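The values are calculated or read from the model by the stated rules, or taken from the named source; none is laboratory data. These numbers were taken from a predicted model, which means no experiment stands behind them. Positions of Cβ are backbone-derived with ideal geometry, glycine not excepted, and every protein chain shown enters the neighbour counts. For accessibility, only protein heavy atoms count, side chains too; no ligands or nucleic acids. Shrake-Rupley method; radii C 1.70, N 1.55, O 1.52, S 1.80 Å.
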Amino acid sequence: MSVIIQKVFQSMSIPSKYDASLVEGKWYDYWMKNNYFHSEPDERESYTIVIPPPNVTGVLHMGHMLNNTIQDVLIRRARLLGKNACWVPGTDHASIATEAKVVAKLKEQGIDKNDLTREEFLKHAWDWTEEYGGVILEQLKKLGCSCDWDRTKFTMDDDMVEGVIKVFVDLYNKGLIYRGYRMVNWDPEAKTTLSDEEVEYVEKQGKLYYVNYKIEGSDDVLTIATTRPETILGDTAICINPNDERHQNLRGKKAIVPISNRVIPIIEDDYVDVEFGTGCLKVTPAHDENDKVLGDKHNLETIDIFNEDATLNSFGLHYEGQDRFVVRKAIVKELEELGHIYKIEDYTNRVGISERTKAIIEPRLSDQWFLKMEELVKPAIEAVLGDDRDVKLFPRKFENTYRHWVENIRDWNISRQLRWGQQIPAYYYGDGKEDFVVAETIEGALKLAQEKTLNPGLQISDLKQESDVVDTWFSAWLWPMSVFDGIRNPENKDIKYYYPTNDLVTGPDILFFWVIRMIIAGYEFKDARPFENVYLTGLVRDKQRRKMSKSLGNSPDALKLIEEFGADGVRVGLLLSSAAGNDLLFDEALCQQGKGLANKVWSAFYLTTLWDVSDTVEQPQSSTIAIDWYRSKFQKAFIDIEDHFSKYRLSDALMAIYKLIYDDFCGLFLELVKPPYQQPIDAKTYNEVIAIFEDNLKLLHPFMPFLTEEVWQTLKSRTAEEALIIANYPKQTTFNAQLITDMDFVSDIISGLRTVRKEKNIAFKDAIEVFVINNESFSDTYNLVIQKLTNASSITAIKDKVDGASFRVKSNEYFVPISLDNINVEEEIEKLTKELKRAEGFLIGVQKKLSNERFVSNAPEQVIALERKKESDTLAKIETLKTSLASLN
């Protein structure tokens with residue numbers, strides 16, 4: 001038997017070192033060829049994840065790596081558990097980001113977007129998407145992501161677009177979508193509106209300009225303070241607080257706007273804060289949300305001075321066509337020359353910028369489409385914050401953030417002034433703002449328009465579709481349903497089987513943008529939660545806690561990391577320090593640690609290939625103990641690992657597996673069972689070792705799929721039905737807790753004896769005698785284990801101390817007789833004396849604490865017990881050191 005097994009491994013030419021580059025492509029192709037990733041509804045329990053769709057033109061960065069590694073761990077574990085695992089991949093059309101890239105490319109070719117028809121522009125956008133899109137999905141394969149690629153979706157696929165249009169029409173017909181003239185956040189670079197949630201606020205150093213306005217019919221002036229002097233040209237009033245004693249002389253008068261010389265009223269309203277600035281407020285209804293409220297209240301004129309790109313229009317007079325920030329400098333200079341500047345101060349201002357383009361947002365009045373949220377959000381509040389917690393956030397600390405968003409929700413501006421996206425299905429049949437109908441098709445719109453106008457002669461050519469598209473998030477909020485065609489065909493087999501999905505893995509930065517809205521959509525259109533659990537990852541930061549970004553140059557190339565450390569190494573490196581919801585401080589050393597684990601596992605496997613196996617050799621008792629111990633240790637760790645998974649503490653689960661395999665399996669178990677030098681291992685032990693190894697691989701597979709499949713397939717010949725990716729997950733069984741405790745004691749003894757060998761320079765080939773005073777009951781059964789790993793010729797129980805090196809494990813004292821010929825007596829005395837001095841110093845500190853009545857009366861009982869144990873252990877150590885010194889003198 002031994003010869004046969006030897007020949008199997010020899011014929012395979014197993015390398016002694018693990019090379020990820022030779023393994024990863026091979027097994028990914030194998031998994032794809034055998035269709036392991038694909039799922040169809042069947043009688044099994046489903047387990048479903050939908051990928052947070054990355055931008056179609058995006059490339060893999062560290063955030064993607066972390067997020068998708070977590071998803072792959074969950075999906076691979078579900079497969080091993082026997083569930084019908086389905087991970088749906090896909091990409092988002094990312095209207096603002098993609099359109100900006102297409103516009104930039106056209107500009108390079110000398111083409112202006114505005115010179116193209118919608119159809120011509122969309123052809124360029126599709127060409128761009130087909131050329132650059134989907135790269136990130138290919139990169140995810142390098143990471144080992146086991147998505148069901150046959151189900152790959154894109155938010156601009158025809159069926160996905162149809163679903164979005166159907167939802168828009170449905171919500172409009174329910175009275176939840178309306179068209180309104182509102183002050184919106186305008187991105188002058190992307191030339192579109194943004195929702196409040198797409199605006200970031202940053203502190204910027206600026207100036208506060210104090211400007212004098214003349215009072216009509218007088219030489220008197222009033223002074224206003226503004227951070228935006230260019231908007232003076234849009235002023236339509238000055239407002240004072242009627243209770244402000246300083247400005248009673250201004251009541252009923254009018255002011256003259258500098259430069260334009262327009263005469264505007266001075267109005268009164270208690271909105272004005274008498275404590276801020278001069279107490280006189282310039283009112284520009286077209287360019288400030290609060291000013292718009294004042295303008296509506298006092299029936300003021302609204303003068304919009306900006307074009308859509310934030311250059312000034314004809315109301316900007318001689319500044320027409322110039323950028324707002326260029327005008328700011330120029331108008332301040334002109335105001336100074338005209339004597340209108342009273343003073344200028346430094347001022348820190350909180351400025352809104354576009355999340356996508358980083359352009360400074362311009363408040364702008366515009367006709368937009370809005371979705372009423374007040375009623376829609378109610379089921380989403382109950383789902384997460386209610387007693388039943390139908391949707392659970394991990395970690396729970398994000399429930400406070402969730403509460404803030406849902407309890408302060410505003411109507412959602414869902415229209416965008418872009419071409420790339422799902423075009424709003426509103427059709428205009430006249431010039432009035434209300435002359436429109438909403439329908440899924442133009443044919444349906446024509447019928448509605450004919451009915452609304454009582455004009456059966458109306459033609460399709462008389463209709464003009466709304467040019468705006470919906471917000472990207474308006475398609476993304478349907479993602480868990482639309483990927484299974486659940487909007488268009490709500491009773492199809494896929495949506496009924498896979499929905500609700502199980503887990504969503506995403507970042508807390510899109511908790512509102514996406515997660516909350518998906519929950520709202522789920523209850524509105526399916527009357528069910530879209531997922532049960534939401535695992536919120538942290539942000540990936542560098543060692544200095546800075547967010548990774550291209551501008552800082554601190555974001556490593558994801559693919560180069562995989563080349564250097566292997567995909568498994570990178571996966572482990574990311575997860576080892578990535579607790580749910582906590583930011584990950586990324587360090588390449590973590591990937592090296594992951595690579596080190598891969599090498600350790602491979603070395604353990606390689607060791608087993610070097611053994612001859614005999615079916616005639618009896619199983620040693622030390623191996624029997626080792627196998628029983630490791631199986632118990634495995635089961636104890638397994639309980640902890642499953643508990644970590646249930647709480648989405650994946651990094652803790654991985655660390656438990658890491659320690660189990662690295663320390664217990666490789667560090668102790670294999671040492672215990674390996675045969676003596678040039679001797680065969682017994683077949684029973686060998687078979688048990690391989691079975692245990694296979695269980696280890698099953699636990700590790702979700703985290704390190706390539707390495708584990710390679711070892712699994714090399715351990716023995718397997719059919720496609722026996723691949724590790726679809727193997728059966730280990731089962732929990734009872735275990736011997738006392739055996740684990742006993743072996744911990746054994747490990748401490750072994751460690752003590754190894755320390756004696758090291759400190760006394762005793763070579764391992766030289767056997768040692770061990771004597772023990774057993775103050776604590778301990779079975780002699782384990783002596784065989786201790787002897788094997790320390791080369792002890794004997795372990796003898798004694799009652800009185802013997803000369804030699806000694807150490808304690810709990811209350812037992814161990815002695816190893818030492819020949820003085822082998823040691824430097826002076827050096828040994830000096831070392832032991834220093835150690836004795838340290839121990840005596842430590843003892844003084846402990847006893848001082850225990851003699852302090854205040855400490856003893858106030859400290860918790862367990863703290864006092866710990867201090868008393870320190871005292872007794874140190875006293876025992878001092879006694880041992882004194883005995884060792886006495887034997888040397």
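When each of Glu443, Glu374, Glu407, Glu382 is tested for being open to solvent by 50 Å² or more (accessible area, probe 1.4 Å) and more than 25 Å from Trp514 (Cα to Cα), the lone residue that passes is Glu443.
Here is a yes/no grid of residues against (1) outside any helix (DSSP H, G or I); (2) within 29 Å of Ala94 (Cβ to Cβ):
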| position | (1), (2) |
| --- | --- |
| Tyr342 | yes, no |
| Pro363 | yes, yes |
| Asp367 | yes, yes |
| Phe370 | yes, yes |
| Glu375 | yes, no |
| Ala383 | no, yes |
| Asp388 | yes, no |
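In segment 490-533, which residue that is within 20 Å of Leu176 (Cβ to Cβ) and assigned to a loop (DSSP other than H, G, I, E, B) is most open to solvent (accessible area, probe 1.4 Å)? Ranking the candidates gives Asp527 first. If you filter segment 450-466 down to residues that are more than 24 Å from Met373 (Cα to Cα) and in contact (Cβ under 8 Å) with a residue 24 or more places away in the chain, you find that the one that is surrounded by the fewest Cβ atoms within 10 Å (Cβ to Cβ) is Lys464.
The rows are residues; the columns are (1) within 19 Å of Asp744 (Cβ to Cβ); (2) open to solvent by 40 Å² or more (accessible area, probe 1.4 Å); (3) touching a residue at least 24 places away in the same chain (Cβ under 8 Å).
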position: Leu668; (1), (2), (3): yes, no, yes
position: Pro675; (1), (2), (3): no, no, yes
position: Pro680; (1), (2), (3): no, yes, yes
position: Met704; (1), (2), (3): no, no, yes
position: Glu709; (1), (2), (3): no, no, yes
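For segment 426-441, a residue qualifies if it is part of a loop (DSSP other than H, G, I, E, B) and within 16 Å of Val470 (Cβ to Cβ), and the qualifying residues are Ala439, Glu440.
Within segment 810-832, being open to solvent by 50 Å² or more (accessible area, probe 1.4 Å) and modelled with pLDDT of 90 or more holds for one residue alone: Pro817. Residue-level check: of (1) crowded, with 23+ Cβ neighbours inside 10 Å; (2) more than 20 Å from Gly566 (Cβ to Cβ); (3) at pLDDT 95 or above; (4) not hydroxyl-bearing (Ser, Thr, Tyr), Lys33 misses just (1). The condition (being in contact with a helix residue (DSSP H, G or I) (Cβ under 6 Å, 6 or more places away or on another chain) and either modelled with pLDDT of 95 or more or open to solvent by 70 Å² or more (accessible area, probe 1.4 Å) (or both)) is satisfied by just one residue among Ile165, Ile177: Ile177. Restricting attention to segment 764-783 and to residues that are modelled with pLDDT of 90 or more and surrounded by 17 or more Cβ atoms within 10 Å (Cβ to Cβ), the residue that is nearest to the chain's Cα centre (by Cα) turns out to be Tyr782.
Look at (1) touching a helix residue (DSSP H, G or I) at 6+ places or on another chain (Cβ under 8 Å); (2) in contact (Cβ under 8 Å) with a residue 24 or more places away in the chain; (3) part of a helix (DSSP H, G or I); (4) more than 24 Å from Lys731 (Cα to Cα) and you find that Gln619 fails only one, number (3). Just to be sure, is Lys684 of a type in the set (Lys, Arg), under 24 Å from Thr781 (Cβ atoms) and buried (at least 21 other Cβ atoms within 10 Å of the Cβ)? In short, no.
Considering segment 206-231, and only residues there that are part of a loop (DSSP other than H, G, I, E, B) and not acidic (Asp, Glu), the residue that is surrounded by the most Cβ atoms within 10 Å (Cβ to Cβ) turns out to be Arg228. Select from segment 287-307 the residues that are open to solvent by 80 Å² or more (accessible area, probe 1.4 Å) and among the acidic types (Asp, Glu) and list them in ascending order. Within segment 287-307, Glu289, Asp296, Glu301 meet the criteria.
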